[in-house]
Amino acid sequence: MKRLIAVAALAMAALFGGAGTALAHNVLVDSDPKEGAQLSVGPQQVRLTFDQPVRAGEGYNTVNVVGPDGTYWTDGQVKVEGNSVTMPVRELGPAGTYTIGYRILSNDGHPVPGKVTFTLTQPGKGTPAAPPQQADQPDQSAESGGMPVWPWIVGAVIVVALGLVLALRLGKPKA
């Protein structure tokens with residue numbers, strides 16, 4: 001019985017001991033404007049702050065501000081400074097919910113999509129921008145863009161099953 005417990009403990013340690021690097025994608029820790037903010041005047045830029053540095057590079061990182069009527073309000077290029085990504089915003093137009101859709105290149109090389117919403121309570125006088133060439137939809141899911149989790153689960157089940165079989169075979173007394 002002691003061998004069975006030892007083998008199971010070693011199998012679990014091997015399985016979960018290396019999982020830290022697989023979960024190293026950047027995580028949004030702050031935004032300006034904040035999620036759910038109520039603003040009477042639109043921001044001149046949006047700032048997204050992550051827990052790790054964002055990889056810079058032409059075309060890797062995108063940020064779009066989409067208005068309540070589906071129009072785009074960003075104006076310029078994404079700027080990456082360490083953990084922060086900023087994007088200039090035009091003067092906003094209609095009152096309503098605006099969505100900041102983003103996709104950044106994580107520190108580990110995987111794309112990280114997400115969104116932040118805020119509400120403009122007073123209409124502005126701005127005019128929308130033309131849609132970007134490769135417009136990201138603001139309702140992007142928060143998928144990691146990396147390897148799916150199911151192979152890890154299948155692998156874990158196989159390792160634990162093999163460990164149990166081995167422990168039971170080695171633990172039998174010789175007759």
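The values are calculated or read from the model by the stated rules, or taken from the named source; none is laboratory data. What you are looking at is a predicted structure, and each value in this text was computed from that prediction instead of being measured. Cβ: placed from backbone, ideal geometry, glycine included. Neighbour counts: every protein chain shown. The area values use the complete protein model at the heavy-atom level, side chains included, leaving out ligands, DNA and RNA. Shrake-Rupley method; radii C 1.70, N 1.55, O 1.52, S 1.80 Å.
Details
- Of residues in segment 108-124 being open to solvent by 30 Å² or more (accessible area, probe 1.4 Å) and of a type in the set (V, I, T), the one farthest from the chain's Cα centre (by Cα): T121
- Every test in (1) in contact with a strand residue (DSSP E or B) (Cβ under 6 Å, 6 or more places away or on another chain); (2) of a type outside the set (K, R); (3) closer than 22 Å to Q122 by Cβ; (4) open to solvent by 20 Å² or more (accessible area, probe 1.4 Å) is passed by D51 save one, and that test is (3).
- Contacts under 6 angstrom Cβ, first residue in segment 62-84 being touching a residue at least 12 places away in the same chain (Cβ under 8 Å), partner of a type in the set (D, E, K, R) and part of a strand (DSSP E or B), 6 or more apart: T62/R103; S84/R47
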